Amino acid sequence: MLGGLAKWLRAAGYDAYYAREGTDLSDRTLTAKALRERRVLLTSDGGFLERKPVRDGSVGFLKVPHLPLEDQLRLVVEHFGLVRRQSRCMECNGKLNIVPREAVAGRVPPGVLQDHEHFFLCQDCGRVFWHGSHWQRISDRLERVFV
Ligand SMILES: [Zn+2]
């Protein structure tokens with residue numbers, strides 16, 4: 001239910017794993033993963049509260065209500081006192097490496113290549129990003145939340 005929130009946390013630079021709907025991960029499995037990987041559980045349902053590591057505080061937990069995305073993000077940012085970091089890949093959560101334009105020639109439109117000196121290459125999925133108008137809208141939204 002919180003896939004949108006996960007993407008925005010990645011844009012803000014946080015390692016956000018998202019259990020897609022349909023992937024058959026039980027609350028128990030996810031709680032164990034969170035404990036093992038020192039993750040905090042963000043969920044829109046309260047089922048996790050029955051799991052021992054959540055009850056005893058070994059795993060951080062926050063129930064995020066159904067709100068517009070920006071309000072959800074603000075809630076998480078304020079609750080955990082997050083600061084904005086170097087963005088991760090919004091699609092796959094991979095780290096982004098800054099690369100010169102030569103590294104992505106042929107992979108982005110020629111005009112875009114000409115307009116930007118540096119690009120961001122996801123080290124996991126290989127997607128290329130740049131600070132164009134789409135990124136500016138994302139960044140403006142993050143600016144509003146990370147005041
Ligand atoms: Zn990626």
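The values are calculated or read from the model by the stated rules, or taken from the named source; none is laboratory data. Values in this document were obtained by computation on a predicted structure and should not be read as measured data. Every residue, glycine as well, gets a Cβ built from its backbone with ideal geometry; the counts of neighbours run over all protein chains shown. For the accessible areas, the whole protein counts, side chains as well, though only heavy atoms, and no ligand, DNA or RNA atoms are used. Shrake-Rupley method; radii C 1.70, N 1.55, O 1.52, S 1.80 Å.
Given the condition assigned to a helix (DSSP H, G or I), open to solvent by 40 Å² or more (accessible area, probe 1.4 Å) and under 25 Å from Leu96 (Cβ atoms), answer yes or no: does some residue in segment 7-15 qualify? Break it down stepwise before answering.
Filtering segment 7-15 for residues assigned to a helix (DSSP H, G or I) gives 7-11.
Among the residues that remain, those that are also open to solvent by 40 Å² or more (accessible area, probe 1.4 Å) are: 7.
From the residues that got through so far, the ones that are under 25 Å from Leu96 (Cβ atoms) too are 7.
Yes, that holds for at least one residue.
Yes/no matrix, rows are residues, columns are (1) of a type in the set (Gly, Ala, Ser); (2) at pLDDT 95 or above; (3) in a loop (DSSP other than H, G, I, E, B):
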| site | (1), (2), (3) |
| --- | --- |
| His66 | no, no, yes |
| Leu82 | no, yes, yes |
| Val99 | no, yes, no |
| Val112 | no, yes, no |
Search segment 79-97 for residues that are open to solvent by 70 Å² or more (accessible area, probe 1.4 Å) and pair each with any residue that is hydroxyl-bearing (Ser, Thr, Tyr) and more than 8 Å from the ligand (Cβ to nearest atom) when their beta-carbon atoms are under 9 Å apart and the residues are at least 6 apart or on different chains.
Arg85/Tyr14
Looking at Leu41, Leu73, Leu121, which one is among the aliphatic types (A, V, I, L, M), within 16 Å of the ligand (Cβ to nearest atom) and open to solvent by less than 80 Å² (accessible area, probe 1.4 Å)?
Leu121
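Quick grid of which residues meet (1) touching a helix residue (DSSP H, G or I) at 6+ places or on another chain (Cβ under 6 Å); (2) on the phi < 0 side of the Ramachandran plot; (3) among the hydroxyl-bearing types (Ser, Thr, Tyr):
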site	(1), (2), (3)
Leu41	yes, yes, no
Gly60	no, yes, no
Val64	yes, yes, no
Leu82	no, yes, no
Ser87	yes, yes, yes
Val112	no, yes, no
His116	no, yes, no
